[in-house]
1. So, restricting to helices (runs of 4 or more DSSP H) that lie completely within segment 1-117, which ones have at least 1 residues that are among the aromatic types (Phe, Trp, Tyr) and touching a Gly at 6+ places or on another chain (Cβ under 6 Å)?
2. Can you go through Asp110, Asp34 and tell me which one is in contact with a helix residue (DSSP H, G or I) (Cβ under 9 Å, 6 or more places away or on another chain) and either open to solvent by less than 80 Å² (accessible area, probe 1.4 Å) or not β-branched (Val, Ile, Thr) (or both)?
3. Ile82 passes all but one of (1) open to solvent by less than 40 Å² (accessible area, probe 1.4 Å); (2) over 23 Å from Asn18 (Cα atoms); which number fails?
4. Quick one: in segment 38-48, which of the residues that are on the phi < 0 side of the Ramachandran plot and touching a strand residue (DSSP E or B) at 6+ places or on another chain (Cβ under 9 Å) is most open to solvent (accessible area, probe 1.4 Å)?
5. Looking for whichever is without any contact (Cβ under 8 Å) to a residue 60 or more places away in the chain, open to solvent by less than 50 Å² (accessible area, probe 1.4 Å) and hydroxyl-bearing (Ser, Thr, Tyr) here; the options are Tyr51, Tyr58, Tyr65. Which one fits?
6. For residues that are aliphatic (A, V, I, L, M) and open to solvent by less than 100 Å² (accessible area, probe 1.4 Å), tally how many sit in segment 1-23.
7. Residue by residue through segment 88-107, note down the ones that are surrounded by fewer than 13 Cβ atoms within 10 Å (Cβ to Cβ) and either among the acidic types (Asp, Glu) or within 23 Å of Phe16 (Cα to Cα) (or both).
8. So which residues in segment 51-76 are at pLDDT below 95 and among the acidic types (Asp, Glu), if there are any at all?
Amino acid sequence: LKLGLKLHEALELTDFVNPDLNLIEDEFIRNKVDAFLHNGILKDLSNANIYKEHEFIYEKDNMLYNGIIDLMIEYNDHIDIIDYKTENIDDENYQKQLQGYKDYVSTLTDKKINTYLYSILREEVKQV
């Protein structure tokens, strides 16, 4: 749990456009952040809007929903929502979680929305 929090924090604090990985003291965490930055899921970020730890509350069907999106990247023609997991990305509940994020974001935009799970330890990405 402690490792997961440190990994999440490192990803939250890293500037994805101009990363300086030397700011991350722990070599293991630095390598995991570097692997995320180079896994292919991130496109050209120079003209993208990047939202980290985006907290939201919205109502749907008389139900109140809230959550925190780890990473949301808005490109000109689409939005990518990426949820970090320490290791396991196969839990069905994670897919439901991402669907909730997608439902919320779809109330704000007509852009295409892609959702991904990213396993930090396995360095794997899964589109859901």
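The values are calculated or read from the model by the stated rules, or taken from the named source; none is laboratory data. Note that this is a predicted model, so its numbers are computed, not measured. When we count neighbours, we look across all protein chains shown, and the Cβ atoms used for this are built from the backbone with ideal geometry, even at glycine. Surface areas here come from the heavy atoms of the whole protein model, side chains and all, with no ligands, DNA or RNA. Shrake-Rupley method; radii C 1.70, N 1.55, O 1.52, S 1.80 Å.
1. Working: elements: 2-13, 27-37, 92-106.
In segment 1-117, there are no helices (runs of 4 or more DSSP H) which contain 1 or more residues that are among the aromatic types (Phe, Trp, Tyr) and touching a Gly at 6+ places or on another chain (Cβ under 6 Å).
2. Working: Asp110 fails: in contact with a helix residue (DSSP H, G or I) (Cβ under 9 Å, 6 or more places away or on another chain).
Exactly one of Asp110, Asp34 is in contact with a helix residue (DSSP H, G or I) (Cβ under 9 Å, 6 or more places away or on another chain) and either open to solvent by less than 80 Å² (accessible area, probe 1.4 Å) or not β-branched (Val, Ile, Thr) (or both), namely Asp34.
3. Every listed condition holds for Ile82 apart from (2).
4. Of segment 38-48, the ones on the phi < 0 side of the Ramachandran plot are 38-39, 41-48.
Within this subset, residues satisfying the condition of being touching a strand residue (DSSP E or B) at 6+ places or on another chain (Cβ under 9 Å) are 39, 41-43, 45, 48.
Numbers: Asn39: 48, Ile41: 9, Leu42: 29, Lys43: 93, Leu45: 15, Ala48: 18 Å².
Per the stated criteria, the residue is Lys43.
5. Numbers: Tyr51 fails: open to solvent by less than 50 Å² (accessible area, probe 1.4 Å); Tyr65 fails: open to solvent by less than 50 Å² (accessible area, probe 1.4 Å).
Of the residues listed, the single one that is without any contact (Cβ under 8 Å) to a residue 60 or more places away in the chain, open to solvent by less than 50 Å² (accessible area, probe 1.4 Å) and hydroxyl-bearing (Ser, Thr, Tyr) is Tyr58.
6. Quick first cut of segment 1-23, residues aliphatic (A, V, I, L, M) only: 1, 3, 5, 7, 10-11, 13, 17, 21, 23.
In the following step, the residues that additionally are open to solvent by less than 100 Å² (accessible area, probe 1.4 Å) were identified as 3, 7, 10-11, 17, 21.
Adding up the residues that qualify gives 6.
7. Asp90, Asp91, Glu92
8. Glu59, Asp61
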